[in-house]
Amino acid sequence: MPTLAAESKGRARKLNATSYVVLGMLSAGPATSYDLKQRVGFTIGHFWAFAHSQLYDEPSRLAEDGLVVASVEEGGRRRRTYSITEAGSAALREWLRAPTHDETEVRDLGLLKLFFAAQGDPRTLIGLARDRHSSHQARADAYVAQYGQVSGVATRWQLKSLELGIRFERCVEEFWADFLTELEAEPPAGEPPRPG
C-alpha cells in the first residue's frame, strides 16, 4: 500500500480531545476510520460522547500534522488505514503527562428534566424516576458483563476506567431508586399512592 507522507508542520493547530482519542486508539494498532468508530463504540464511547463523524475527519487532519500516516488500498474501496507516528506517540505521552484540572461534565437528560420538573406535570416524576433507575441499572449491568468479557485482554487501566463506570452507574441507580421510594411514599399532587 502506498503511504501518504505527511511532513510535520510543527503542529500548527492545537489538538483537542478527539485528536487524543484517535491517537490513543491508533496506539493499539493501525485502523481505518470505521475501525476507530468500532473501537470507540466498544470502549470509551460509554463515557466520552462525541459525534462519530469526527472519527472520519480527525485522522486526515492528524496526518497533515505528521502525527499519523495513512496507507491507501490499491484496489477495492481504497480504504485508508491510519497508523500513529513517533511524533503522534510523543504528542499522546505529552498529553498524558499534562495536569487534568477540568471539571467532570455530566450531561444527563433525566437530571435536566428533574431540575425543571416544577414547570411540568409533577405526576410525571414517578415515570421519570422509574425510567432513569432502570436505564442506569441496565447500563451498570452491561458494564459488569463487559468487564467479564474483556478482563483477559484489556489493560489494567482500561479495567479501572470500566470499574469507575460501574461505580458511577450504581451510584446514580441508587439515587433514582431512593427518589422513586420517596415519590411512592408521598406521591406528587394528583398521583394516587401505590399500594404497600
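The values are calculated or read from the model by the stated rules, or taken from the named source; none is laboratory data. Just so you know, these numbers come straight off a predicted model, no measurement behind them. Here the Cβ is made from the backbone with ideal geometry for all residues, glycine too, and neighbour counts use every protein chain on show. Surface areas here come from the heavy atoms of the whole protein model, side chains and all, with no ligands, DNA or RNA. Shrake-Rupley method; radii C 1.70, N 1.55, O 1.52, S 1.80 Å.
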Item to complete: For the range 110-196, report the accessible area per residue in Å² (1.4 Å probe, heavy atoms, rounded to an integer).
Response: 68
Worksheet, complete the sentence: Stokes-Einstein D for the range 3-113 (20 °C, 1.002 mPa s, Kirkwood Rh from Cα pairs), in µm²/s, comes to 143
Fill in: Karplus-derived 3J(HN,Hα), 6.51/-1.76/1.60, for each residue of the range 102-118, Hz, glycine and proline x
4, 6, 6, 8, 10, 10, 10, 4, x, 5, 5, 5, 4, 4, 9, 4, 5
Response to the item:
In the list (i) -0.56, -1.17, -1.26; (ii) -0.48, -1.40, -1.57; (iii) -0.68, -1.20, -1.28, the entry giving log10 I(q)/I(0) by the Debye sum over Cα atoms at q = 0.11, 0.18, 0.19 Å⁻¹ computed from the coordinates is (iii)
Worksheet item: Which of the lysines could a cross-linker span from K14 if the Cα-Cα distance has to be under 25 Å and same-chain partners fewer than 8 positions apart are dropped?
Response: K37
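What percent do you get for the relative contact order of the chain when only Cα pairs under 8 Å and 6+ apart count?
Working: 190 pairs, mean separation 39.4, N = 196.
Once divided by the residue count of the chain, the mean separation gives 20 percent.
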Item to complete: Counting only heavy atoms of the protein chains, get the accessible area per residue of the range 12-84 (1.4 Å probe) and round it to a whole Å² value.
Response: 52
Practice prompt. Name the residue farthest towards the positive end of the dipole of the range 114-196 from the options L159, T124, F175, assuming +1 on Cβ of Lys and Arg, -1 on Cβ of Asp and Glu, about the Cα centre.
Written response: L159
Worksheet item: Share of the chain's accessible area from carbon and sulfur, percent, 1.4 Å?
Response: 55
Discussion item. Can you list which of the DSSP-assigned H helices in the chain have a Cα extent of 30 Å or more along the long axis and an average Kyte-Doolittle score of at least 0.5?
Written reply: none
